[in-house]
Structure formats: structure tokens, C-alpha cells
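Student: Pasting in a structure now, in C-alpha cells, and then I'll have a few things to ask.
The values are calculated or read from the model by the stated rules, or taken from the named source; none is laboratory data. Values in this document were obtained by computation on a predicted structure and should not be read as measured data. We place every Cβ from the backbone using ideal geometry, glycine too, and count neighbours over all the protein chains shown. Keep in mind that these areas ignore ligands, DNA and RNA; they rest on the heavy atoms of the full protein, side chains included. Shrake-Rupley method; radii C 1.70, N 1.55, O 1.52, S 1.80 Å.
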Amino acid sequence: MEIKPQAAVIPEIDQLEQGKYGPVFPKTPACYGFTIVAKVKPGRAAAIRAYGNTLAEALKGDPCLLAPLKLHYLRWVLFDDDTRFMYQGIFDTDFDKYTEDAIALFGKAGVNTAFENLEGFPEDWRTNPEAFVRFVREHHCPSFIEYGEYPYVSADEIKKALRIKDALSEMLDQLQ
């Protein structure tokens with residue numbers, strides 16, 4: 001199997017099929033994802049950083065905590081003197097499923113979201129997925145091109161390939 005890097009240009013929003021919560025962005029060589037840029041509530045940047053630390057600690061205790069989201073990457077950035085926040089997520093499911101899974105995951109775990117520190121984020125997000133989605137859609141900055149070095153490969157496929165690599169390495173070590 002030959003893996004060739006690929007890029008895909010994302011169609012304009014008005015050219016996309018409509019799903020349950022709005023436009024359905026296509027799977028790209030980088031899989032699915034979104035970027036949110038929003039204003040931070042005054043004085044709440046420290047709470048966002050603290051939430052990041054809490055999430056990192058929770059993942060130490062349960063590395064599979066976010067597994068239902070089928071994530072590849074998350075990136076959180078505070079910028080403009082901590083007045084704005086950028087959230088980037090790359091994942092294997094479409095936007096609608098990711099959003100529903102995130103709400104269910106946080107509800108089940110009984111945890112909050114860093115988004116609560118952002119201006120305009122709905123207080124009833126746990127019981128009102130439409131409001132959560134509306135916030136994300138209103139703050140989403142869609143990409144117009146995406147690139148994948150290993151295109152269209154899921155996080156599960158990557159983990160499986162790494163397990164096979166480790167098993168082969170261990171087997172070769174035993175043969176020596």
C-alpha cells in the first residue's frame with residue numbers, strides 16, 4: 001500500500017449539503033475538524049488555563065477519557081493578551097456526531113467545558129445541544145484547504161499500525 005500525501009480544497013459553505021446542525025463539511029485528507037475563535041469573558045483566561053491543566057491531569061488518570069470523540073489532535077490557544085481563545089480539533093467523525101458525543105461525554109463525566117469561559121456560550125449547553133452547536137457554528141472559522149501526510153487515516157488505524165509495529169519489533173528482538 002502506497003501512502004501519498006494529499007490536499008483538498010473545501011467548498012464554500014453555501015455549496016455544502018445540510019445536516020442536522022447545518023452545513024456538512026466533507027472529510028478531508030486531515031479527516032474532520034473545526035476551529036473556533038471566540039472572545040474570552042473578562043478575567044477568565046486563567047480559568048481556561050486551569051481547565052487545560054485539569055484535563056491533562058484527568059487524562060493521566062484515564063488516558064481513554066476522550067476516546068469517544070475519536071480525536072487526532074486538540075489545540076487550545078489564548079491570544080490577543082488573553083482576550084481571545086482558539087480551539088482546533090481534528091477527529092474521525094463528522095461535526096454532528098462529534099458535537100453530540102462531546103455533550104454526552106461531558107454530561108456523563110459530570111465535567112464542565114472550557115467554553116463556559118467564552119462570551120456568548122450558552123449556560124444550558126448540557127440540555128440544549130442546539131444552542132451548543134449554534135455557538136460553535138457562529139464561532140467556527142472554516143479552513144479552505146486541508147493537507148494530510150497520511151490522508152484519510154483514522155486515529156484507530158494509526159494506533160493499530162503502531163501496535164503492529166511494536167509487536168514486530170518485539171518479535172525481531174526475540175529472534176536475535
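Each row is one residue, and each column tells you yes or no for (1) of a type in the set (D, E, K, R); (2) in a strand (DSSP E or B).
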residue	(1), (2)
MET86	no, yes
ASP124	yes, no
GLU146	yes, yes
TYR150	no, no
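Student: Quick check on the stretch 1-21: of everything there that is outside any loop (DSSP other than H, G, I, E, B) and open to solvent by 100 Å² or more (accessible area, probe 1.4 Å), which residue is farthest from GLU138 (Cα to Cα)? Give the steps one after another, and end with the answer.
Tutor: Taking the stretch 1-21 first, the residues outside any loop (DSSP other than H, G, I, E, B) are 6-9, 13-15, 18-19.
Filter again for open to solvent by 100 Å² or more (accessible area, probe 1.4 Å), leaving 9, 14-15, 18.
Values: VAL9: 21, ASP14: 15, GLN15: 18, GLN18: 16 Å.
Filtering first and then ranking leaves VAL9.
Student: Residues to consider are ARG126, ARG84; find the one that is surrounded by 13 or more Cβ atoms within 10 Å (Cβ to Cβ), more than 16 Å from the chain's Cα centre (by Cα) and in contact (Cβ under 8 Å) with a residue 40 or more places away in the chain. Can you show your working first?
Tutor: Working: ARG126 fails: in contact (Cβ under 8 Å) with a residue 40 or more places away in the chain.
None of the other options fit; the residue is ARG84.
Student: Moving on. Among the residues of the stretch 73-88, write down those that are modelled with pLDDT of 95 or more and not charged (D, E, K, R).
Tutor: Narrowing the stretch 73-88 to residues modelled with pLDDT of 95 or more: 75-88.
Passing the criteria: TRP76, VAL77, LEU78, PHE79, THR83, PHE85, MET86, TYR87, GLN88.
Student: Could you list, in sequence order, all residues of the stretch 129-143 that are part of a helix (DSSP H, G or I), open to solvent by 20 Å² or more (accessible area, probe 1.4 Å) and in contact with a helix residue (DSSP H, G or I) (Cβ under 8 Å, 6 or more places away or on another chain)? Steps first, please.
Tutor: Filtering the stretch 129-143 down to residues part of a helix (DSSP H, G or I) leaves 129-139.
From the residues that got through so far, the ones that are open to solvent by 20 Å² or more (accessible area, probe 1.4 Å) too are 129-130, 134, 137-139.
Answer for the stretch 129-143, where residues must be part of a helix (DSSP H, G or I), open to solvent by 20 Å² or more (accessible area, probe 1.4 Å) and in contact with a helix residue (DSSP H, G or I) (Cβ under 8 Å, 6 or more places away or on another chain): just PRO129.
Student: Which one is surrounded by the most Cβ atoms within 10 Å (Cβ to Cβ), of the residues in the stretch 61-75 that are of a type outside the set (D, E, K, R) and more than 8 Å from the chain's Cα centre (by Cα)? Spell out the reasoning first.
Tutor: Of all residues in the stretch 61-75, those of a type outside the set (D, E, K, R) come to 61, 63-69, 71-74.
Right, trim to more than 8 Å from the chain's Cα centre (by Cα) and you get 61, 63-68.
Working: GLY61: 7, PRO63: 9, CYS64: 7, LEU65: 15, LEU66: 18, ALA67: 12, PRO68: 15.
Result: LEU66.
Student: With respect to TYR98, determine if the residue is hydroxyl-bearing (Ser, Thr, Tyr) and out of contact with any helix residue (DSSP H, G or I) (no Cβ under 8 Å at 6 or more places or on another chain). Outline the logic, then answer.
Tutor: Numbers: hydroxyl-bearing (Ser, Thr, Tyr): yes; out of contact with any helix residue (DSSP H, G or I) (no Cβ under 8 Å at 6 or more places or on another chain): no.
Here the answer is no, as TYR98 does not meet what is asked.
Student: In this structure, is ARG44 surrounded by 15 or more Cβ atoms within 10 Å (Cβ to Cβ), farther than 28 Å from ILE145 by Cβ, in contact (Cβ under 8 Å) with a residue 12 or more places away in the chain and among the basic types (Lys, Arg)? Break it down stepwise before answering.
Tutor: Working: surrounded by 15 or more Cβ atoms within 10 Å (Cβ to Cβ): yes; farther than 28 Å from ILE145 by Cβ: yes; in contact (Cβ under 8 Å) with a residue 12 or more places away in the chain: yes; among the basic types (Lys, Arg): yes.
Yes.
Student: Looking at the stretch 22-49, which of its residues are in contact with a helix residue (DSSP H, G or I) (Cβ under 8 Å, 6 or more places away or on another chain), over 13 Å from THR93 (Cβ atoms) and either polar (S, T, N, Q) or in a loop (DSSP other than H, G, I, E, B) (or both)?
Tutor: LYS41, ARG44
Student: Could I ask something else about it? Open to solvent by less than 60 Å² (accessible area, probe 1.4 Å), out of contact with any Pro (no Cβ under 6 Å at 6 or more places or on another chain) and under 24 Å from SER143 (Cβ atoms), is that true of ILE103? Lay out the reasoning, then the answer.
Tutor: Numbers: open to solvent by less than 60 Å² (accessible area, probe 1.4 Å): yes; out of contact with any Pro (no Cβ under 6 Å at 6 or more places or on another chain): no; under 24 Å from SER143 (Cβ atoms): yes.
No.
Student: Right, here's the next one. For the structure I just gave you, tell me whether ALA155 is open to solvent by less than 40 Å² (accessible area, probe 1.4 Å), of a type in the set (A, V, I, L, M), farther than 17 Å from PHE25 by Cα and out of contact with any strand residue (DSSP E or B) (no Cβ under 7 Å at 6 or more places or on another chain). Quick ask: steps written out before the conclusion?
Tutor: On the way: open to solvent by less than 40 Å² (accessible area, probe 1.4 Å): yes; of a type in the set (A, V, I, L, M): yes; farther than 17 Å from PHE25 by Cα: yes; out of contact with any strand residue (DSSP E or B) (no Cβ under 7 Å at 6 or more places or on another chain): no.
Judged against the criteria, ALA155 is not a match.
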